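The values are calculated or read from the model by the stated rules, or taken from the named source; none is laboratory data. Bear in mind that the values here come from a model prediction, so they are computed numbers and not experimental data. Cβ placement follows ideal geometry from the backbone for every residue including glycine, while neighbour counts extend to all protein chains displayed.
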Amino acid sequence: MRKRLHFLMIAFFTFIVLVVICYCTFKPNSSRKIYTLDDGWDIQLGTSYYENVNLKDFIKNPGRPIGKGDLIIMSRTIDITEPIAFPTIQFMSKYSAWRLTCNNVLVQGEYTNYIAADKFIGIKYNNVTLPKLNGPYTLSIEFYVNEDASYSYFDIPKYGDYVSIMIHYVFGNLLGLGTGIFLIIFGLSFGVITLIFYRRLPGILSQLFSSLLFIDVGVWILCYFRLTDLLVSTSGHSTEVEFFALYLLVPLIYMIIGCTQQHYKNWIFMVTAATSTMICLFFMLMHSTGIAHINRTFSYFQGISMICFLFLCVTIRRDIAQKKLEPSDKIQLLGLATLAISFLLSMVLHIIEMAGIIYGNELIKVFIPLGCLAFVFATLINYFIYISESYARRKEYESLTHLAYADGLTDLPNRSRFEKYMADLDKGNETYCIISLDLNGLKEINDNDGHAAGDKYLKEFADILQQCFADKGFISRIGGDEFAAILTKNNIYDVDTMITRLKDALEVKNVLYPEYRRSVATGYAYSTEIPDGDSHAVYLLADKRMYKNKKKMHEKLGIKARI
């Protein structure tokens, strides 16, 4: 376990090193000048007009929430003499169509045709390249608001070269970008590994749901930080994907909790989980069918999320009090609780932000990625502990099974294992051959040289039997000086060759170690000889032939046969 923890610590520090490398790589050059356009705006909201305002303070001035149907016109004079290769302005639009004009000339606009149809418009960072003009010019942005409470604050527009704008944007969201990509890749890899072990370790189901949660959270982070369009084209649906991924968190968390200590068998848990899941899916269905935009159901989702968080806390507390949790389960649930707390804090900050108490929500850029990484490493530790304990239990079970089915002297399968193998043969239709083997002279060796010599004879024969029948069939010690071998598939046609090889090996031993004479009597029978019988009938036929051969051997050697 200590080695695995060291491995996880190395992986964690490797991740930190990669973050530092990315930080140094994407850190903007001081020569790349970015202008923040926070003040000097003239804003028209409906019939109200505000001159020379600061965007950070404006949200408190209107005296009413900015709602659906409002038109916001923001104008500002741009008087920057520094030459810029590709002058670009970056601004955020929230649930709004927009048009940008320069000296009353339209430069670009989006989603204006969505307003009349009441289509959903999400949140987006817009990067608009401006024409190169000599001298000061007037920049105007018009927002056609399509949702209530859209603008709790205005994200400060930025002006500069296009490349500089994008570098600053990526650098400002580097932790979210790295965490989102890492979670998706890790979730996919972890899911594949979990599926590989699933058949061997059925109790690993919670790890499979954890891998799905990683992917879901990774997608949500990329969408929330408006980074998705840097990697793939969402065709304006990034905000919808963000809400869908967020709403799927609740069912996935319930699934993880349910698999821990089999809480899914508790009817209270099942009712709560099923109800919350159905409500979340219903909200998504309402949006997909155009009944209600998904952002309008967010306040209800917050209530469902709070219930899920409280349920998680109560479950952890009760399981710890009842001492039900294994160390791996405690680590898993602790990581899940950390993730839930990070989302809860972000939700609280969002509510405070909507109330206009704080400006922006920069802490979310730290809370959520760190909560996700804590959950990742908690899951990894849980995974390694679970795998280690499962394999340790499996090895112990295999050891006990071997002791139950192994002969104590020769370590060959014993009669119980032989009987089980015979029963398995009766269940199938496979053709097989049973060989009955009986050692000659064991009683004389025991009487003349002692049982230690007799045990040595048995172990010698077992070793030779394994060498001659290695990977060819099943061999076992039935008891005393009686052994049996069962051949299947194409090996049944090599029975005479294998018996000859066995007797030759015994003769070699006799030449090298002549302290006593080694020989074996054999007889075999095929399952096809008794088509309506069972494996025991085939064995009896082989045993009968063995005793017949044994009698001939004893008569040839002048020994009285023991029959």
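Of note, residue 469 does not satisfy the criterion of being touching a residue at least 40 places away in the same chain (Cβ under 8 Å) and either over 22 Å from residue 444 (Cα atoms) or under 52 Å from the mean Cα position of the chain (by Cα) (or both).
Filtering region 499-535 down to residues that are part of a helix (DSSP H, G or I), out of contact with any helix residue (DSSP H, G or I) (no Cβ under 6 Å at 6 or more places or on another chain) and touching a residue at least 40 places away in the same chain (Cβ under 8 Å), which residue is farthest from residue 417 (Cα to Cα)? Write out each step before concluding.
Of all residues in region 499-535, those part of a helix (DSSP H, G or I) come to 499-512, 527-529, 535.
With out of contact with any helix residue (DSSP H, G or I) (no Cβ under 6 Å at 6 or more places or on another chain) added as a condition, the list becomes 499-500, 503-504, 506-512, 528-529.
Retained after the next criterion (residues that are touching a residue at least 40 places away in the same chain (Cβ under 8 Å)): 499, 506, 509, 528.
Values: 499: 23, 506: 26, 509: 29, 528: 23 Å.
It comes out as 509.
In region 512-535, the residue that is modelled with the highest pLDDT out of those that are exposed (fewer than 12 other Cβ atoms within 10 Å of the Cβ) and more than 22 Å from residue 481 (Cβ to Cβ) is 528.
When region 93-120 is examined, which residues are found to be within 17 Å of residue 162 (Cβ to Cβ) and either outside the structural domain of residue 148 (by TED's automatic domain parsing) or in contact (Cβ under 8 Å) with a residue 40 or more places away in the chain (or both)? It would help to see each step written out before you state the result.
At the first step, the residues of region 93-120 found to be within 17 Å of residue 162 (Cβ to Cβ) are 100, 102, 107-108.
Passing the criteria: only 100.
Going through 167, 121, 141, 156 one at a time, which residue ends up being touching a helix residue (DSSP H, G or I) at 6+ places or on another chain (Cβ under 8 Å), crowded, with 19+ Cβ neighbours inside 10 Å and of a type outside the set (Phe, Trp, Tyr)?
Details: 167 fails: crowded, with 19+ Cβ neighbours inside 10 Å; 141 fails: touching a helix residue (DSSP H, G or I) at 6+ places or on another chain (Cβ under 8 Å); 156 fails: crowded, with 19+ Cβ neighbours inside 10 Å.
Selected residue: 121, the only one of 167, 121, 141, 156 that is touching a helix residue (DSSP H, G or I) at 6+ places or on another chain (Cβ under 8 Å), crowded, with 19+ Cβ neighbours inside 10 Å and of a type outside the set (Phe, Trp, Tyr).
Only one of the numbered conditions (1) modelled with pLDDT under 90; (2) closer than 21 Å to residue 416 by Cα; (3) in a helix (DSSP H, G or I) is violated by residue 538, and that is (1). Considering each residue of region 98-111 in turn, at least one proves to be part of a strand (DSSP E or B), out of contact with any strand residue (DSSP E or B) (no Cβ under 8 Å at 6 or more places or on another chain) and either over 27 Å from residue 215 (Cβ atoms) or polar (S, T, N, Q) (or both).
Out of the residues in region 273-332 that are among the polar types (S, T, N, Q) and under 27 Å from residue 378 (Cα atoms), state the one that is modelled with the lowest pLDDT.
To start, the set of residues in region 273-332 that are among the polar types (S, T, N, Q) comprises 275-277, 288-289, 295, 297, 299, 302, 305, 315, 322, 328, 332.
Restricting the remaining residues to those that are under 27 Å from residue 378 (Cα atoms) gives 276-277, 302, 305, 315, 322, 328, 332.
Numbers: 276: 90, 277: 91, 302: 83, 305: 84, 315: 76, 322: 70, 328: 64, 332: 68.
The residue in question is 328.
In region 379-418, the residue that is nearest to residue 338 (Cα to Cα) out of those that are in a helix (DSSP H, G or I) and at pLDDT 75 or above is 417. So is residue 504 under 58 Å from the mean Cα position of the chain (by Cα), acidic (Asp, Glu) and at pLDDT 90 or above or not? Spelling it out, residue 504 is indeed under 58 Å from the mean Cα position of the chain (by Cα), acidic (Asp, Glu) and at pLDDT 90 or above.
Out of 159, 224, which single residue is more than 18 Å from the chain's Cα centre (by Cα) and assigned by TED's automatic domain parsing to the domain that holds residue 79? Result: 159 is the single residue among 159, 224 that is more than 18 Å from the chain's Cα centre (by Cα) and assigned by TED's automatic domain parsing to the domain that holds residue 79. Where helices (runs of 4 or more DSSP H) fall entirely within region 171-250, those with at least 3 residues that are closer than 19 Å to residue 284 by Cα are at 205-224.
Results for (1) outside the structural domain of residue 219 (by TED's automatic domain parsing); (2) loosely packed, with under 14 Cβ neighbours inside 10 Å; (3) among the charged types (D, E, K, R), shown as yes or no for each residue.
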| residue | (1), (2), (3) |
| --- | --- |
| 236 | no, no, no |
| 242 | no, no, yes |
| 254 | no, no, no |
| 272 | no, no, no |
| 275 | no, yes, no |
| 278 | no, yes, no |
| 283 | no, no, no |
| 306 | no, yes, no |
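Residues that are in contact (Cβ under 8 Å) with a residue 12 or more places away in the chain and over 14 Å from residue 411 (Cβ atoms) within region 445-463 comprise 445, 449, 453, 454, 457, listed in sequence order. With a requirement of 3 or more residues that are closer than 19 Å to residue 110 by Cα and modelled with pLDDT of 90 or more, the strands (runs of 3 or more DSSP E) lying completely within region 120-162 that satisfy it span 123-129, 137-145.
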